[in-house]
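The values are calculated or read from the model by the stated rules, or taken from the named source; none is laboratory data. Bear in mind that the values here come from a model prediction, so they are computed numbers and not experimental data. We place every Cβ from the backbone using ideal geometry, glycine too, and count neighbours over all the protein chains shown. The area values use the complete protein model at the heavy-atom level, side chains included, leaving out ligands, DNA and RNA. Shrake-Rupley method; radii C 1.70, N 1.55, O 1.52, S 1.80 Å.
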Amino acid sequence: MQRVLTVLGIESSCDDSAAAVVRHAPPEKPEILSSIVAAQTDLHADFGGVVPEIAARAHAETIDLCVEQALAQAGVGLDGLDAVAVTAGPGLIGGVLAGVMCAKGIAAGAGLPLLGINHLAGHALTPRLTDGLEFPYLMLLVSGGHCQFLRVDGAEAFTRLGGTIDDAPGEAFDKAARLLGLPQPGGPSVEAEASEGDPARFAFPRPLLDRPGCDMSFSGLKTAVRRVCEGLVAAQGGLTRGDRADLCAGFQAAVTDVMAEKARRALDACPGIPALAVAGGVAANATIRAALQAVADQAGARFIAPPLALCTDNAAMIAWAGIERLRLGQVDDMRLSARPRWPLDTSSPALIGGGRKGAKA
Ligand code: KG4
Ligand code: ZN
């Protein structure tokens with residue numbers, strides 16, 4: 001029988017400082033004993049995006065407090081841990097460094113094994129933490145900083161089938177919201193407006209649908225929204241509530257169509273794959289979720305969307321990925337380094353997009 005493992009996870013690759021403790025006592029389901037997330041949203045609010053230097057400083061100031069809180073809430077001391085897992089990339093390098101240094105300190109001080117985790121692997125393995133999903137499955141990561149389809153065959157076996165070549169979809173939602181004077185984060189604001197709008201009034205493009213494969217592009221959509229907006233302002237001096245709702249509905253419909261069609265192609269590329277899972281903030285969008293569910297149903301695949309708190313950045317996913325690696329007999333040592341870029345699938349070409357939150361890898 002597999003042994004009981006209790007792992008501390010640390011995450012600091014973007015704008016959330018997070019720490020969590022996860023325990024796995026097979027054959028029981030894994031248990032999240034604690035999951036602390038200290039968001040930096042307010043610190044970056046005035047700048048229209050994440051400022052790397054501000055993020056790094058905030059992580060350095062906060063991460064040990066998150067760890068302390070996570071251990072206290074879990075009721076676990078350092079002597080109750082089997083390992084420390086930390087996001088070692090990809091992400092904003094100053095933040096990743098803050099987490100890695102904290103993890104090294106704990107591992108060295110407490111004599112614990114250290115595990116460097118790829119942030120994207122953390123997201124991609126989450127459906128196994130939440131739903132006990134077996135390999136293989138297809139994963140769609142869609143957030144403000146990530147956008148890719150991954151075939152997941154094992155805790156270390158990822159094949160990227162496609163991804164964005166420019167903006168991540170959450171980034172496109174945020175930019176569209178900014179253009180329309182709606183509050184940030186843009187996704188929920190655009191979704192709320194869209195619920196009252198007519199998706200057919202404005203014919204927005206469906207980028208890259210005319211090209212084979214699973215790559216996506218969202219920056220042209222944002223430009224299309226700006227053009228229509230400028231046209232309306234020039235013609236009538238401003239936007240009515242109805243215009244705004246129709247613009248949001250049209251934009252959301254275009255993103256949804258692109259994602260659904262690309263998901264269909266990704267499923268086609270993996271015949272017989274039993275499940276499609278999603279992660280990332282954009283997976284909160286009810287229209288997008290419903291479209292992906294329909295695509296999965298059509299392909300005879302299960303559709304899995306973990307609870308939102310585990311879809312967005314958190315440290316429980318890092319602790320879990322650590323448990324997966326430990327079970328494969330892998331550990332790192334004090335030479336572990338922080339990596340701004342770290343593709344999960346080194347055999348596929350690098351993505352071009354940089355993303356609001358740093359490297360998409
Ligand atoms: O995963 P996440 O919390 O953070 C990272 O980007 O890593 O994702 C945040 C992104 C934001 O861009 C936000 O606008 C988008 O997810 N988002 C949504 C919705 N809720 C959040 N996009 C579309 N519809 C939503 N309901
Ligand atoms: Zn993430």
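Between 164, 312, 287, the GNM of the chain built on Cα springs shorter than 10 angstrom shows 287 fluctuating the most. The residue 72 and residue 211 beta-carbon pair, evaluated with R₀ = 45 Å, returns a calculated FRET efficiency of approximately 0.30. For the stretch 1-107, the set of trypsin sites (Lys or Arg not before Pro) satisfying both a DSSP loop assignment and a count of at most 10 other C-beta atoms within 10 Å is given as 3. The Cα center of the stretch 149-192 and the Cα center of the stretch 254-325 differ in position by 12 Å. One decimal place: the segment residue 337-residue 157 gains 62.7 nm when fully extended, by the rule 0.36 nm per residue minus the C-alpha distance. D for the chain, whole µm²/s, Stokes-Einstein with Kirkwood Rh over alpha-carbon pairs at 10 °C and 1.306 mPa s: what number? The Stokes-Einstein estimate is 76 µm²/s. The magnitude of the dipole of the chain, with charges of +1 and -1 set on the Cβ of Lys/Arg and Asp/Glu and taken from the Cα centre, is near 640 debye.
Hey, for a label at residue 309 modelled as a point 7 Å past Cα toward Cβ, could you say which residues of the stretch 5-39 have their backbone N under 13 Å away? Within reach of a label on residue 309: 19-21, 32-38. Relative to the longest principal axis of the Cα atoms of the chain, helix 219-236 runs at roughly 40 degrees. For the stretch 137-308, the fraction of 1.4 Å probe accessible surface lying on carbon and sulfur atoms is 53 percent. Within 10 Å, at most 11 other Cβ atoms, and a DSSP state outside H, G, I, E, B define an exposed site. Report the longest part of the chain free of exposed GluC sites (Glu not before Pro). Looking at the chain, 135-361 is the longest stretch - no exposed GluC sites (Glu not before Pro) with at most 11 other Cβ atoms within 10 Å. A Förster distance of 45 Å, applied to the separation of the beta-carbon atoms of residue 328 and residue 203, puts the FRET efficiency at 0.35.
For the chain, the mean residue ellipticity at 222 nm estimated from helices alone is -14000 deg cm²/dmol, where every DSSP H run of n ≥ 4 contributes -39500 (n - 2.57) and the total is divided by all residues, rounded to the nearest 500.
By the Cα gyration tensor, the stretch 137-308 has an equivalent ellipsoid whose semi-axes, rounded to whole angstrom, run 30, 15, 14 from largest to smallest. Return the single residue from 83, 72, 315 with maximal mean-square fluctuation; model: Gaussian network over the chain, springs between Cα atoms under 10 Å. Of 83, 72, 315, the Gaussian network model singles out 72 as fluctuating most. Structural descriptor for the chain: relative contact order 25 percent, calculated from alpha carbon pairs under 8 angstrom and at least 6 residues apart.
In the elastic network of the chain, a GNM with C-alpha springs shorter than 10 Å, the most mobile of 100, 152, 142 is 152.
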